[in-house]
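A.B. asks: Please see the structure below; I have some questions.
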Amino acid sequence: MTDASHSQADETQLAEPHLGAVLASAGLDAEYVRAEGNTLYQRAEDGREIPVLDYAGGYGSLMWGHNHPTIVAYAKELLDAGVPVHSQFSLHPEAAELALALSRIVRRESGYDEPYFAVFANTGAEANEAAVKHAEMDRVIRLGALLAAVDDGLTEAREAVRDGSAIIPDEVFARVGMGSRVSDTAALNELVHHITTHNAAQAGRPPVFLTPEGSFHGKLVSTVQLTHNEGYRNPFKALAAQARFVPLGQPGALRKIADEERAQLLGLEVVDGLVRLTEHEAPVVCAFVLEPIQGEGGIREMPREFVEEIHEVCAELGAPVIVDEIQSGMGRTGDFLAGTRLGLRGDYYTLAKSLGGGLAKISVLMVRSSRYQGQFELIHSSTFAKDGFSNRIALKVLELLEADGGAAYRRAAELGDRLLAMLGSVHDDYPDVVKDVRGRGLLLGLEFHDQSGAPAAPVAEAARAGLFGYLVAGHLLRGHRLRTFPTASAPDTLRFEPSLLLSDDEISWLETALRDTCDIIRGGYQRPLALPGA
């Protein structure tokens, strides 16, 4: 940085300084020095450690809390044993073991009999990126096979007409807009040229992904196109395949959009000495991608009727269903997969976050064997994916989840019911402040009514800028030593994603903080939120 207008103080803050300023404005610029369970320890100005109750939970990454002792002890054991991290392009038996364990669980939850193959990555966005790439590779292969079959039909028809074993009825020419023709070689050549030109145009249409409004699937080049929030997507919309966002709560909307994206290839076949025109649907829709419970979209669960429509339409299109369980999966909602209770059956699944036990950075794409393209493994890779340390940590996490007949899942459901009941009581007591409470298990959200008309000008201004939830998060942190954040694309909704270690005292702690916040809002902010400068 050479601009002399920047002070020396500015130059010491080079790690995303703009974000740091935003955090400071909402009172969220805390430094944490230690963590355990549901607690982060904040460094005070005098050096003391101040405990902060963490309901953000690493955006769903901390199903077992911060630094779970069993996972930490195992990680130390692995490091002390010198487990190789960088042994790329070699056999990884622990990866095979992890893939098998994941496949068994996913088969149990999805109801599919066939195995799921695993492609490992490091983050959720990368797993979704791999899913997008694999789906497009599969579409291109299917399209290529279809074009080859059509070309074979054209060749057969051409030869049959030339050797006199078949004729072309006038109706064939009429259907492609050529009018009545004599069935001679010139007419045949013109017909084939017309068909191949039409097919080239249809086959050249760019792929389209379908996804619900409110979706969030990451911020990489491809995944950001599947993220409904325009603020994330629009600056990069020219870089990758585009998505069509399907409105929720509108039966038939998905089918209408799918019909608009249909493409037909034309072909010829010989039947009983006559050349007939054939039509073949070309794959344009690459996949339908969804979260069973939208995380960044405001903790919104997919309606069962919508899930059924997705299955029906995708089966007709031959397009895979990609289920993003990165935030909702790993037992958080009371089942290993949040889509289980919705009857959602994915051809692909993506998992991450809590798969690493709060320590390892690992994600995975699971693809149903009948849809899997093995050559994908040779053209897609990642330096840190499938390393021995992360794989083994993930295996330990699965062991903990599946222990005692899935006791962890039952505990997540039970804790979620208790937490949801508390949030519901806050909603009932403050219906003028709290608009809705949503979610399942340990993935819950509380939505405030719009505050853009609040009597406190700074609050109203923040609400109009989509920052009200961050003000509330700052108040909860500074005033109650409680940490959570709004959902990214629904900033009036606070998220709550605690670990399985959640206690009744911690639920009461949250209730006290929320009721105080609601009192302030109901009182017209005569008592201000606990924010910088307040």
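A.B. asks: Just add up the charged neighbours of His66: K/R +1, D/E -1, any other residue whose Cβ is under 9 Å from the Cβ of His66.
C.D. replies: Once positives and negatives cancel, what remains is -1.
A.B. asks: Work out the length of the dipole vector of region 338-425 about its Cα centre, built from +1 on the beta-carbon of each Lys and Arg and -1 on the beta-carbon of each Asp and Glu, and round it to the nearest 20 debye.
C.D. replies: On the way: 12 positive and 8 negative charges, 24 e Å.
Dipole of region 338-425, to the nearest 20 debye: 120 debye.
A.B. asks: Tell me the trypsin sites (Lys or Arg not before Pro) within region 234-299 that lie in a loop according to DSSP and have at most 12 other beta-carbon atoms within 10 Å.
C.D. replies: Lys237
A.B. asks: Give me the one-decimal nm value for the distance between modelled label points at Gln375 and Thr196, 7 Å along each residue's Cα-to-Cβ direction.
C.D. replies: Each label point is offset 7 Å from its Cα along the Cβ direction, giving 2.3 nm.
A.B. asks: Further question: Once you order the gyration tensor axes a ≥ b ≥ c over the Cα atoms, which shape class does region 118-225 get: rounded for a/c under 1.5, otherwise prolate or oblate by comparing a/b with b/c?
C.D. replies: prolate
A.B. asks: Net charge near Glu309, counting Lys/Arg +1 and Asp/Glu -1 over other residues with Cβ under 14 Å of its Cβ?
C.D. replies: -1
A.B. asks: Something else: Residues of the chain: accessible area per residue at 1.4 Å, in Å²?
C.D. replies: 44
A.B. asks: On a 0 to 90 degree scale, rounded to 10, what angle separates helix 468-480 from the longest Cα axis of the chain?
C.D. replies: Tilt of helix 468-480: around 30 degrees.
A.B. asks: So, one more: With each label point set 7 Å from Cα along the Cα-Cβ vector, what nm distance links Asp170 and Glu261?
C.D. replies: Output for this residue pair reads 4.2 nm.
A.B. asks: At a 1.4 Å probe radius, which order do Leu317, Leu401 fall into by accessible area, largest first?
C.D. replies: The ranking, largest first, comes out as Leu317, Leu401.
A.B. asks: Further question: What's the extension gain from Asp46 to Ala403 if we count 0.36 nm per residue and subtract their Cα-Cα distance?
C.D. replies: 124.2 nm
A.B. asks: Size of the dipole of the chain about the Cα centre, Lys and Arg at +1 and Asp and Glu at -1 on the beta carbon, nothing else charged, in debye to 20?
C.D. replies: Dipole about the Cα centre, nearest 20: 400 debye.
A.B. asks: I've got another one for you. Over region 336-437, what relative contact order in percent results from Cα pairs under 8 Å that are six or more residues apart?
C.D. replies: 20
A.B. asks: For the chain, give me the percentage of DSSP beta bridges that are antiparallel, rounded to the nearest 5 percent.
C.D. replies: Here the share of antiparallel DSSP bridges comes out near 70 percent.
A.B. asks: Follow-up question, since we're still on this one. Evaluate E = 1/(1 + (r/R0)^6) for Asn67 and Thr383, where r is the Cβ-Cβ distance and R0 equals 30 Å; express this FRET efficiency to the nearest 0.05.
C.D. replies: Numbers: r = 26 Å, r/R0 = 0.87.
Once the sixth-power term is evaluated, E becomes 0.70.
A.B. asks: Just tell me which lysines come within less than 23 Å, Cα to Cα, of Lys76; anything on the same chain fewer than 8 places away is out.
C.D. replies: Candidates past the 8-residue exclusion: Lys353, Lys361, Lys386, Lys396.
A.B. asks: Give me the percent of DSSP beta bridges within region 242-355 that run antiparallel, rounded to the nearest 5.
C.D. replies: Counting only bridges with both partners in region 242-355, antiparallel ones make up about 65 percent.
A.B. asks: Using a probe of 1.4 angstrom, how much of the accessible area of the chain is carbon and sulfur, in percent?
C.D. replies: Here carbon and sulfur together make up 53 percent of the probe-accessible area.
A.B. asks: Let me ask something additional. Kirkwood Rh over Cα pairs of the chain into Stokes-Einstein at 10 °C, 1.306 mPa s: D in µm²/s?
C.D. replies: After rounding, the answer is 61 µm²/s.
A.B. asks: When only Cα pairs under 8 Å and 6 or more residues apart are kept, what is the percent relative contact order across region 413-534? Numbers along the way, then the final one.
C.D. replies: Values: 174 pairs, mean separation 30.8, N = 122.
Relative contact order, region 413-534: 25 percent.
A.B. asks: Give me the net charge of Leu471's neighbourhood, meaning all other residues with Cβ under 13 Å from the Cβ of Leu471; Lys, Arg count +1, Asp, Glu -1.
C.D. replies: Summing Lys/Arg as +1 and Asp/Glu as -1 gives 0.
A.B. asks: Follow-up question, since we're still on this one. Can you list the aspartates and glutamates whose alpha carbon is less than 12 Å from that of Lys133, not counting same-chain residues fewer than 8 positions off?
C.D. replies: Glu377
A.B. asks: Work from the charge dipole of region 190-345 (Cβ charges, +1 for Lys and Arg, -1 for Asp and Glu, about the Cα centre) and give the residue of Pro247, Gly318, Val224 farthest towards its positive end.
C.D. replies: Toward the positive end, the furthest listed residue is Val224.
A.B. asks: Give me the number: length gained by fully extending Glu316 to Asp450, i.e. 0.36 nm times residue separation minus the C-alpha to C-alpha distance, one decimal in nm.
C.D. replies: Values: separation 134, 0.36 × 134 = 48.24 nm, distance 4.10 nm.
Stretched out fully, the Glu316 to Asp450 stretch lengthens by 44.1 nm.
A.B. asks: Hey, got the dipole for region 152-216? About the Cα centre, +1 on K and R Cβ, -1 on D and E Cβ, debye to the nearest 20?
C.D. replies: 180
A.B. asks: Tell me, what is the percent relative contact order of region 1-121, built from C-alpha pairs under 8 Å that lie six or more residues apart?
C.D. replies: Worked out over region 1-121, it gives 12 percent.
The values are calculated or read from the model by the stated rules, or taken from the named source; none is laboratory data. The structure presented is a predicted model; accordingly, all values stated were derived computationally and were not measured. Neighbour counts are summed over all protein chains in view; Cβ atoms, including those assigned to glycine, are modelled from backbone coordinates with ideal geometry. What goes into the accessible areas is simple: the full protein's heavy atoms, side chains included, and nothing from ligands, DNA or RNA. Shrake-Rupley method; radii C 1.70, N 1.55, O 1.52, S 1.80 Å.
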